[in-house]
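The values are calculated or read from the model by the stated rules, or taken from the named source; none is laboratory data. Computed from a predicted model, the values in this text were never measured in an experiment. Ideal geometry is used to build each Cβ from the backbone, glycine not excepted, and the neighbour counts take in all protein chains shown. Each accessible area value is taken on the protein alone, full model and side chains, heavy atoms only, with ligands, DNA and RNA left out. Shrake-Rupley method; radii C 1.70, N 1.55, O 1.52, S 1.80 Å.
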Amino acid sequence: QVQLVESGGGLVQPGGSLRLSCAASKITFILYDLGWYRQAPGKQRELVATISADRVPNYVDSVRGRFTISRDNAKKTVYLQMNSLISEDTAVYYCNAQTITHNFWGQGTQVTVSS
């Protein structure tokens, strides 16, 4: 069974940093486009960042310049380095892996930015 397992969430003060990780199993990782999404309370899930199978990154405007997405194909892991965090970044963050025919989600990890 395919698994995407996120880790690295937690409570951080405004201006702080966190690095999220998402480890995949039982998929041909190198073929997948990967992404991070988030869902704040009372809001819809939104795209944060993606990285294609050929390592091209893309970011939503609100995080560009603060967040960095990367992938380690050998470890089957995708990362989201989050710097200069603000309260609006508070959400559950979800990892996504997809191809044309497959779409998988992780269970989510909570990120709370608060003083």
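Per-residue answers, yes or no, for (1) of a type in the set (Val, Ile, Thr); (2) in contact with a strand residue (DSSP E or B) (Cβ under 6 Å, 6 or more places away or on another chain); (3) part of a strand (DSSP E or B); (4) within 15 Å of GLN3 (Cα to Cα):
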position: VAL48; (1), (2), (3), (4): yes, yes, yes, no
position: THR68; (1), (2), (3), (4): yes, yes, yes, no
position: GLN81; (1), (2), (3), (4): no, yes, yes, no
position: ALA97; (1), (2), (3), (4): no, yes, yes, yes
position: GLN110; (1), (2), (3), (4): no, yes, yes, no
position: SER115; (1), (2), (3), (4): no, no, no, no
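Going through (1) under 13 Å from VAL113 (Cβ atoms); (2) in a loop (DSSP other than H, G, I, E, B); (3) of a type in the set (Lys, Arg) one by one, ARG38 falls short only on (2). Determine if region 22-31 includes at least one residue that is modelled with pLDDT under 95 and part of a strand (DSSP E or B). Yes, region 22-31 contains a residue that is modelled with pLDDT under 95 and part of a strand (DSSP E or B).
Taking GLN81 as the residue in question, decide whether it is open to solvent by 70 Å² or more (accessible area, probe 1.4 Å) and either in contact with a Gly (Cβ under 9 Å, 6 or more places away or on another chain) or touching a residue at least 24 places away in the same chain (Cβ under 8 Å) (or both). So GLN81 does not fit the description; no. I want to confirm something. Restricting to region 15-71 and keeping residues that are in contact (Cβ under 8 Å) with a residue 60 or more places away in the chain and charged (D, E, K, R), which single residue is surrounded by the most Cβ atoms within 10 Å (Cβ to Cβ)? It comes out as ARG38.
Could we say that ARG19 is over 19 Å from GLN3 (Cα atoms), in contact with a strand residue (DSSP E or B) (Cβ under 8 Å, 6 or more places away or on another chain) and in a strand (DSSP E or B) here?
The answer is yes for ARG19.
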